[in-house]
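See below for the structure under consideration.
Taken together, the values in this text are just the output of simple stated rules run on the coordinates, not laboratory data. The structure presented is a predicted model; accordingly, all values stated were derived computationally and were not measured. Here the Cβ positions follow ideal geometry from the backbone for every residue, glycine too, while neighbour counts run over all protein chains shown.
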Ligand SMILES: Cc1cc2nc3c(=O)[nH]c(=O)nc-3n(C[C@H](O)[C@H](O)[C@H](O)COP(=O)(O)OP(=O)(O)OC[C@H]3O[C@@H](n4cnc5c(N)ncnc54)[C@H](O)[C@@H]3O)c2cc1C
Ligand SMILES: NC(=O)c1ccc[n+]([C@@H]2O[C@H](COP(=O)([O-])OP(=O)(O)OC[C@H]3O[C@@H](n4cnc5c(N)ncnc54)[C@H](OP(=O)(O)O)[C@@H]3O)[C@@H](O)[C@H]2O)c1
């Protein structure tokens, strides 16, 4: 059986591994990615100062070393190849394209300069080719990060790290330079609900108390009404509350930078200064309401304040991008599916032999490890549905390569990527860092063409 997997992030790699280790079928996997580099958000999302998380790629390298696996990097579905063509060349297709669009606040002035979705800021510091030229103006002293998840935490932490802390990481060289000269001294993380509803995790929250030049600041009244447990407890909520309580109990420290955690506030308008750039943020105070289904939601009270900040970074979630020919669920903003089987978004009829895994299936929830079981679950469907499919004769395996080359696409194989990997690590060594990323697709392709 021949399978195309589109996307080389964690979900794609775990699906490949589950397919390739089957003992009841011989599966050949071709994994495509629009970038010449594999690993999705492990390379382009995970924070540079969390290097240990990135070692998960060693597992993916083992998958890539299997003889029936091929990587076809620098091939974008919807640009270089169509769904229709994939259907001709493969028995089954797995979409593992992640969530590459950001969600918007939908408030006045959201599009002005220095209001930048966290996706852009994160892609910029991680050297994602799409964002290498993003305009990130760090000449301001106060920044607001909207959202109470781990992406908001990553964003704030990276803004507040010292140059010495950043130099040890694989932060992109252009971002290191800009962050060295940054004037940012205060960052506000703004949650629309309360501390008990925050989705950030305790180790990530605690890290603010351990940074070189940052004092975390929580006004005691932010925790009023929260049931603070006696001990740190076992749940994420209990642990977060204890950490927040310890921050609130600290004296205002002497460190140069401050991280403020504010709760129960929603941005309602961005204020533009005379230069047309962000000069402030109108915040509405919220109260919590328990819904009939037990969920807790935020409701505006009408009471507002202005927070003077020079930059706003919304970190409020992501959505799957639309790809021509791939059914899209407009409400959930994912690829339309029932438990990983792609369906028509209106009739919900199953589209045979097409599957979706990872964030493109579920939306942007879950850690890297969660995709292992989730992708394996979808592979079970593929095997159950796929009996006898291999009898359908396909063009030669390399026919897809010829088609792409005729179109002028320079396919990047896994061994090509390993050459780029070696170059990046050697450049990193010269900088005293684990890696110095090449951030331009043209430069990557030129380098491969030279050798
Ligand atoms: C900023 C950030 C930090 C995170 N940090 C952590 C962390 O520290 N620890 C943790 O456990 N989890 C972390 N996560 C979560 C984790 O990254 C995700 O759970 C995981 O990456 C989702 O995997 P995926 O394979 O669905 O998507 P992705 O990792 O996004 O991979 C999608 C891949 O599809 C490719 N692609 C997209 N469109 C096309 C196309 N049309 N044609 C070809 N290829 C295409 C992309 O280039 C990409 O390589 C973080 C997430 C974010 C956003
Ligand atoms: N270090 C790590 O391990 C790490 C790092 C980064 C990401 N991740 C993982 O990646 C996934 C995605 O992270 P995430 O932070 O994007 O997602 P998240 O945990 O869902 O957080 C999104 C936040 O945005 C808020 N929000 C949504 N719409 C809003 C609006 N209109 N106005 C104000 N706030 C709004 C949400 O508030 P409500 O709760 O009120 O909806 C929530 O606080 C998570 O599973 C996360 O754990 C992990």
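With R₀ set to 25 Å, the beta-carbon distance separating residue 393 from residue 350 gives a calculated FRET efficiency near 0.60. Remark: spin-label model distance residue 426-residue 288 equals 5.6 nm, labels positioned 7 Å along the Cα→Cβ axis. Figure legend: label point modelled 7 angstrom from the Cα of residue 405 along Cα→Cβ; no residues of the range 4-42 have amide N under 17 Å from it.
Per-residue Cβ neighbour counts within 10 Å put 56, 171 in the sequence 56, 171, beginning with the fewest. Each of 119, 169, 304 was scored by other Cβ atoms within 10 Å of its Cβ. Listed from fewest to most, they are 304, 169, 119. By other beta-carbon atoms within 10 Å, ranking 85, 100, 210 with the fewest at the front produces 210, 85, 100. A P(r) calculated from all alpha carbon pairs of the range 108-151, with 5 Å bins opening at zero, reads 5, 19, 28, 26, 19, 3 percent. Taken along its three principal axes, the alpha carbon spread of the chain comes to 70, 57, 46 Å, from the longest extent down to the shortest. Segment residue 321..residue 221, full-extension length gain: 32.0 nm, with 0.36 nm per residue of separation and the alpha-carbon distance subtracted. Calculated over the range 241-316, the projected area of the Cα convex hull averaged across directions stands at 7.7 nm². Here the mean projected area of the convex hull built on the C-alpha positions of the range 29-119 is 8.6 nm². Distance between the pseudo-spin-label points of residue 446 and residue 168 (7 Å out from Cα toward the beta carbon): 3.4 nm.
Shape of the range 104-314 from the C-alpha gyration tensor: oblate (a/c of 1.5 or more and a/b not above b/c, with a ≥ b ≥ c the square roots of its eigenvalues). Tell me what the chain gives for mean residue ellipticity at 222 nm when only DSSP H runs of n ≥ 4 count, each as -39,500 (n - 2.57), the sum divided by the residue total, rounded to 500 deg cm²/dmol. Only helices count here, giving -9000 deg cm²/dmol.
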